[in-house]
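Undergrad: Pasting a structure below so you can have a look.
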Amino acid sequence: MSNSTVNLLSPYKLGPYELPNRVVMAPLTRNRAGEGNVPHQLNVTYYVQRASAGLIISEATQVSPQGMGYPSTPGIHSPEQVEGWKLITKAVHEKGGRIFLQLWHVGRISHPSLQPDGALPVAPSAIAPEGEADTYEGSKPFVTPRALETEEIPGIVEQYRQGAENALAAGFDGVEIHAANGYLLDQFLQDGTNKRTDEYGGSIENRARLILEVTEAVTSIWGSDRVGIRLSPSGTFNDMHDSDRGATFSYVVKALNPFDLAYLHLVEPRADDNFTPGESSNGFPSSFFRPIYNGTIISAGGYDREQGNQVLAAGEADLVAYGRLFIANPDLPQRFALNAELNKPDRSTFYGGDEKGYTDYPFLDQQAS
Ligand code: 8OZ
């Protein structure tokens, strides 16, 4: 329902949490974890600087060594990683913030050099993505992944369940299941990557089965009101294709209703590299799913302040996630409140490196006026 009094600075009740604003920090891969893919002090500083977000969603975090696909991304499978994340959740809470962990398995978007024992990455089917993997030795062509055996699927679900349990131990406020952007769960969902003939392939019901089993496992740890899920119904990143996205994603979104999750997080068509702003798109925006989803919707993808306020006022979403703007503006909610000028994000420091372009963007009160 449209409600013109609602804007980015309006509070929102999300599951058990009172968010002071509707400005969500999007999950952002920054490739700056420490040795052993353990979060460390540099990452603590980065998240704490952004604690004024209504909600922080952590960078994608692998649930297992097999789930890793890029250099220096953090994990949530070792005791050291849990200890590292504890530093972050504690510091964010001391600043009055809330933080969910994003649970991630990359599936085929990996490379043997990033896998335990140099193994092949795993996927629903043995289909190589177009493009190149990011490795510690630079870009390398993607390899053809190994198709998971049906008997291995319970082990995959268990990786997410264990990751969820570890996130609880690490002091997070909730978890987000990463089912977007061409990673393992999305690979199972879409028929361009899933050619299976068992109960995890073929019909939409079968292709959605793994996502729903993972959702069941994760909510068994956290309850439903502290679990979100992210989908990218319009994305082509990581060489994704489906013969009927509208039907596929409508099915999943409806099947998620009974879980009564904290939220559904949708990546807008506007976020896709192939999408030209201002052009009408054949993608599936939040407004497409709003009538068929009963709960909270977070919408993400290249919004500015005005567009964020518009999507909220139109009632097409309840919260808006900002990525690039949060990278460059640690005090983004305050800047929105004052309609202040924004720092410009520097793309060259998005992935990897040190404090430059990570923790050195100035706050408003540090800027010479
Ligand atoms: C950019 C670079 C590497 C990973 C995603 C986790 O798209 C990612 C990602 C984005 O969800």
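Undergrad: Does S250 fit the bill of being more than 16 Å from the ligand (Cβ to nearest atom), small (G, A, S), touching a helix residue (DSSP H, G or I) at 6+ places or on another chain (Cβ under 9 Å) and at pLDDT 95 or above?
TA: Taking the combined requirement at face value, the residue satisfies it.
Undergrad: I've got another one for you. Please go through the range 190-207 and give me each residue that is over 18 Å from P129 (Cα atoms), among the charged types (D, E, K, R) and surrounded by fewer than 22 Cβ atoms within 10 Å (Cβ to Cβ), ordered by number.
TA: D198, E199, E205
Undergrad: Working only within the range 68-119, note down all residues that are away from the ligand (no atom under 16 Å from the Cβ), under 21 Å from T215 (Cβ atoms) and aliphatic (A, V, I, L, M).
TA: Scanning the range 68-119 gives a single hit, I99.
Undergrad: Inside the range 168-192, can you point out the residues that are of a type outside the set (G, A, S) and either closer than 14 Å to P233 by Cβ or over 20 Å from the mean Cα position of the chain (by Cα) (or both)?
TA: Residues satisfying the conditions are N181, L185, D186, L189, Q190, D191.
Undergrad: Now for a different question. Got a number for residues in the range 28-78 being in a loop (DSSP other than H, G, I, E, B), in contact with a Pro (Cβ under 6 Å, 6 or more places away or on another chain) and hydrophobic (A, V, I, L, M, F, W, C)?
TA: Count: 1.
Undergrad: Sticking with this structure for a sec: Collect the residues in the range 65-82 that are open to solvent by 10 Å² or more (accessible area, probe 1.4 Å), touching a residue at least 24 places away in the same chain (Cβ under 8 Å) and over 16 Å from the mean Cα position of the chain (by Cα), keeping them in residue-number order.
TA: Passing the criteria: P65, Q66, P71, S72, H77, S78, E80, V82.
Undergrad: Tally the residues that are of a type in the set (F, W, Y) and more than 14 Å from G171 (Cβ to Cβ), restricting the search to the range 76-119.
TA: Filtering the range 76-119 down to residues of a type in the set (F, W, Y) leaves 85, 100, 104.
Cutting the leftovers down to more than 14 Å from G171 (Cβ to Cβ) gives us 104.
Of the residues in that region, 1 qualify.
Undergrad: Let me ask something else about it. Within the range 208-236, which residues are in a loop (DSSP other than H, G, I, E, B) and open to solvent by 10 Å² or more (accessible area, probe 1.4 Å)?
TA: G223, S234, G235, T236
Undergrad: To continue, here is another question. Considering only residues that are charged (D, E, K, R) and either within 14 Å of the ligand (Cβ to nearest atom) or in a strand (DSSP E or B) (or both), which ones fall in the range 148-194?
TA: E176, D186
Undergrad: Residue by residue through the range 130-145, note down the ones that are open to solvent by 30 Å² or more (accessible area, probe 1.4 Å) and under 23 Å from A217 (Cβ atoms).
TA: If the condition is that a residue be open to solvent by 30 Å² or more (accessible area, probe 1.4 Å) and under 23 Å from A217 (Cβ atoms), then no residue fits.
Undergrad: To continue, here is another question. Just to verify a result, which residue in the range 319-369, among those that are among the basic types (K, R) and not in a loop (DSSP other than H, G, I, E, B), is most open to solvent (accessible area, probe 1.4 Å)?
TA: R347
Undergrad: Based on what the data block shows, is V23 open to solvent by less than 30 Å² (accessible area, probe 1.4 Å) and more than 25 Å from N238 (Cβ to Cβ)?
TA: Here the answer is yes, as V23 does meet what is asked.
Undergrad: If you don't mind, another one. Given A133, A128, which one is among the aliphatic types (A, V, I, L, M), in a strand (DSSP E or B) and either more than 22 Å from L55 (Cα to Cα) or more than 16 Å from the ligand (Cβ to nearest atom) (or both)?
TA: Result: A133 is the single residue among A133, A128 that is among the aliphatic types (A, V, I, L, M), in a strand (DSSP E or B) and either more than 22 Å from L55 (Cα to Cα) or more than 16 Å from the ligand (Cβ to nearest atom) (or both).
The values are calculated or read from the model by the stated rules, or taken from the named source; none is laboratory data. Here the structure is a predicted model, which means the values were calculated and not measured. All Cβ positions, even for glycine, are placed from backbone atoms using ideal geometry, and neighbour counts span all protein chains on display. Just so you know, the surface numbers come from the protein's heavy atoms only, side chains and all, with ligands and any DNA or RNA stripped out. Shrake-Rupley method; radii C 1.70, N 1.55, O 1.52, S 1.80 Å.
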